[in-house]
């Protein structure tokens, strides 16, 4: 299996990124399902999630152990994506990851974007919940200023009052006008930030309809959090897609994408 490349992200068919909380066996299952549906696959996990709702939220194994785990997965053939929260994390994370992700809350942090760019890795910038789709290209420009043009922009919903997000499908096309590949995060977009007290809630029943609509707009990829038992997930379980639903989910997205491409070619 080839490691992730910006060409693959921009190419047919859409790329699926699957996140889970570190069970290698489940990653293998998700990979098999994605490949069966004809989707390239990138494994995503965090070594330290520094933006938890409360102090008691699970952050991950930490940099030392977490990066070792990701490195082992990459040696097994997985393409790997991980997020960074501080400029100093960029270089060590780039040693084990094909893609560095800038969290939505940090998408305007210039030093973080520049250090990610300097690594030469693909940089996935998540659009902040507070940023308009016509403004996020400025973040991509900061990365590109380092000479690294391998930038991806990801939509993950916009703040809609308190503890809620909404997705404006027009934004996907607006983001794409800047020339960068656009990915839709189908699971964080159904998150209810801080909506469950000290943790975030979610509405997973809307993952499939929102992803279906996004694929119909012509995006380059889909980001999906997957877990075999979301109710037991250490992070983001309320907005995760159950693993048993992944195969049908991917088949539906494949059919929608094929129909869109056929219609566009007429």
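The values are calculated or read from the model by the stated rules, or taken from the named source; none is laboratory data. Small disclaimer: the values here were computed from a predicted structure and weren't measured. Glycine gets a Cβ as well: all are built from the backbone with ideal geometry, and neighbour counts include every protein chain shown.
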message: Within region 216-226, does at least one residue satisfy the condition of being surrounded by 16 or more Cβ atoms within 10 Å (Cβ to Cβ) and more than 30 Å from residue 246 (Cα to Cα)?
response: no
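Within region 180-191, does at least one residue satisfy the condition of being buried (at least 17 other Cβ atoms within 10 Å of the Cβ), part of a strand (DSSP E or B), in contact with a helix residue (DSSP H, G or I) (Cβ under 6 Å, 6 or more places away or on another chain) and at pLDDT 95 or above?
We begin by selecting, within region 180-191, every residue buried (at least 17 other Cβ atoms within 10 Å of the Cβ); these are 180-191.
Checking which are part of a strand (DSSP E or B) leaves us with 182-185, 191.
Still in the list and also in contact with a helix residue (DSSP H, G or I) (Cβ under 6 Å, 6 or more places away or on another chain): 182, 184, 191.
Now narrow it down to the ones that are at pLDDT 95 or above: 182, 184.
Taking every residue of region 180-191 in turn, at least one turns out to be buried (at least 17 other Cβ atoms within 10 Å of the Cβ), part of a strand (DSSP E or B), in contact with a helix residue (DSSP H, G or I) (Cβ under 6 Å, 6 or more places away or on another chain) and at pLDDT 95 or above.
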- request: Considering each residue of region 229-253, count those that are surrounded by fewer than 17 Cβ atoms within 10 Å (Cβ to Cβ) and either in contact with a helix residue (DSSP H, G or I) (Cβ under 7 Å, 6 or more places away or on another chain) or under 18 Å from residue 17 (Cβ atoms) (or both), and give that number.
  value: 6
message: Let me spell it out: the conditions are (1) surrounded by 21 or more Cβ atoms within 10 Å (Cβ to Cβ); (2) out of contact with any helix residue (DSSP H, G or I) (no Cβ under 8 Å at 6 or more places or on another chain), and residue 69 meets all of them except one. Which number is the exception?
response: (1)
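Can you name the residue in region 37-59 that is touching a helix residue (DSSP H, G or I) at 6+ places or on another chain (Cβ under 7 Å) and touching a residue at least 60 places away in the same chain (Cβ under 8 Å) and, of all such residues, is surrounded by the fewest Cβ atoms within 10 Å (Cβ to Cβ)?
Our first condition is that a residue be touching a helix residue (DSSP H, G or I) at 6+ places or on another chain (Cβ under 7 Å); within region 37-59, this holds for 37-41, 43, 45, 47-48, 51.
Within this subset, residues satisfying the condition of being touching a residue at least 60 places away in the same chain (Cβ under 8 Å) are 37-39.
Working: 37: 20, 38: 15, 39: 22.
The residue in question is 38.
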query: Which pairs do you get when a residue that is in contact (Cβ under 8 Å) with a residue 12 or more places away in the chain and at positive phi, found in region 147-159, comes within reach of a residue that is part of a strand (DSSP E or B) and surrounded by fewer than 19 Cβ atoms within 10 Å (Cβ to Cβ), reach meaning Cβ atoms under 9 angstrom, with the pair 6+ apart or on two chains?
result: 157/166
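Table: residues versus (1) farther than 26 Å from residue 40 by Cα; (2) in a helix (DSSP H, G or I); (3) touching a strand residue (DSSP E or B) at 6+ places or on another chain (Cβ under 7 Å); (4) in contact (Cβ under 8 Å) with a residue 40 or more places away in the chain.
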position: 74; (1), (2), (3), (4): no, yes, yes, yes
position: 93; (1), (2), (3), (4): no, yes, yes, yes
position: 96; (1), (2), (3), (4): no, no, yes, no
position: 100; (1), (2), (3), (4): no, no, yes, no
position: 111; (1), (2), (3), (4): yes, yes, no, no
position: 115; (1), (2), (3), (4): yes, yes, no, no
- prompt: Within region 216-244, how many residues turn out to be assigned to a helix (DSSP H, G or I) and in contact with a strand residue (DSSP E or B) (Cβ under 9 Å, 6 or more places away or on another chain)?
  reply: 5
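Identify, from the list 7, 24, 63, the residue that is modelled with pLDDT under 75, within 26 Å of residue 91 (Cβ to Cβ), surrounded by fewer than 20 Cβ atoms within 10 Å (Cβ to Cβ) and touching a helix residue (DSSP H, G or I) at 6+ places or on another chain (Cβ under 8 Å). Even if it seems obvious, please write down each step before you answer.
Details: 7 fails: touching a helix residue (DSSP H, G or I) at 6+ places or on another chain (Cβ under 8 Å); 63 fails: modelled with pLDDT under 75.
Among 7, 24, 63, only 24 is modelled with pLDDT under 75, within 26 Å of residue 91 (Cβ to Cβ), surrounded by fewer than 20 Cβ atoms within 10 Å (Cβ to Cβ) and touching a helix residue (DSSP H, G or I) at 6+ places or on another chain (Cβ under 8 Å).
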message: On the basis of being on the phi > 0 side of the Ramachandran plot, surrounded by fewer than 17 Cβ atoms within 10 Å (Cβ to Cβ) and either modelled with pLDDT of 90 or more or within 17 Å of the chain's Cα centre (by Cα) (or both), does residue 194 make the cut?
response: no
